[in-house]
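The values are calculated or read from the model by the stated rules, or taken from the named source; none is laboratory data. Note that this is a predicted model, so its numbers are computed, not measured. Here the Cβ positions follow ideal geometry from the backbone for every residue, glycine too, while neighbour counts run over all protein chains shown. In case anyone asks, the SASA skips ligands and DNA or RNA and just uses the protein heavy atoms, side chains included. Shrake-Rupley method; radii C 1.70, N 1.55, O 1.52, S 1.80 Å.
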Amino acid sequence: MAYSEKVLDHYENPRNVGSLDAGDAGVGTGMVGAPACGDVMKLQIMVGKDGVIEDAKFKTYGCGSAIASSSLVTEWVKGKTLDEALAIKNTAIAEELALPPVKIHCSILAEDAIKAAVADYRSKRSAGDLPSASEYAACEPEAA
Ligand code: FES
């Protein structure tokens, strides 16, 4: 099966491959797998104080369409708010990359990976208003 030119472009020159520090409070990590083929995609977002996605990285162990889908969405989410990123549909990814029907699930993986990354970021934020590092530093230890 022939890949479209756009798939080949992203496959041969993937954008934003790599990892962000998952322990950073501003980073959301989404890890998803496709049961049908066993391919796995990790997508991470770095969210700024203004709620806008500043950076995104991915690592995908999968087919060319999955790699192209994740490469494309890391480009798309940058500069977007979380809600805007959640609005990215796999159909738009599949259309942009001209994916054939048997490769639609590869684009679904990318949509799911964004959703998982945003959910991870949000759950970290609501996990508690833990004092920030600087607030900790401001606490003087009690003398015993
Ligand atoms: Fe499964 Fe592409 S064949 S993600």
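In the full protein assembly as shown, how much of Ile114 is accessible to a 1.4 Å probe, in Å² to the nearest 10?
Looks like 0 Å² after rounding.
Taking all protein chains together and a probe of 1.4 Å, list Arg15, Arg125 from the most accessible to the least accessible. Present the calculation step by step, with values, prior to reporting the outcome.
Values: Arg15 60, Arg125 130 Å².
Output order, biggest surface exposure first: Arg125, Arg15.
Would you mind getting the accessible area per residue of region 1-110, heavy atoms of the protein chains only, 1.4 Å probe, in Å²? If you can, show how the numbers build up before the last one.
Numbers: 5300 Å² over 110 residues.
With all protein chains present, region 1-110 gives 48 Å² per residue.
Rounded to the nearest 500, what is the 222 nm mean residue ellipticity of the chain from helices alone, with -39500 (n - 2.57) per DSSP H run of 4+ residues and division by all residues?
So the calculated ellipticity at 222 nm is -13500 deg cm²/dmol.
Just to check I understand the Karplus step: with θ = phi - 60° and J = 6.51 cos²θ - 1.76 cosθ + 1.60, what whole-Hz values come out for region 44-58, glycine and proline as x?
So the Karplus estimates, Gly and Pro as x, are 10, 10, 10, 9, x, 4, 7, x, 9, 6, 8, 8, 8, 9, 9 Hz.
Let a ≥ b ≥ c be the square roots of the eigenvalues of the Cα gyration tensor of the chain; is it rounded (a/c under 1.5), or, if not, prolate (a/b larger than b/c) or oblate? Mind showing how you got there, number by number?
Working: a/c = 2.78, a/b = 2.57, b/c = 1.08.
Note, shape of the chain comes out prolate.
Only four residue types carry charge here, +1 at the Cβ of Lys and Arg and -1 at the Cβ of Asp and Glu. Report the dipole size of the chain about the Cα centre in Debye, rounded to the nearest 20. Mind dumping the intermediate values first?
Working: 14 positive and 21 negative charges, 88 e Å.
Dipole of the chain, to the nearest 20 debye: 420 debye.
Roughly what % antiparallel, to the nearest 5, for the DSSP beta bridges in region 1-89?
Beta bridges within region 1-89, antiparallel portion: roughly 95 percent.
Connecting C-alpha atoms closer than 10 Å in a GNM of the chain, tell me which of Ser107, Ser65, Ser126 has the biggest fluctuation.
Between Ser107, Ser65, Ser126, it is Ser126 that shows the largest mean-square fluctuation.
On the accessible surface of the chain, probed at 1.4 Å, how many percent belong to carbon and sulfur atoms? Display every interim value, and only then the final one.
Values: 4390 of 7880 Å².
Carbon and sulfur: 56 percent of the exposed surface of the chain.
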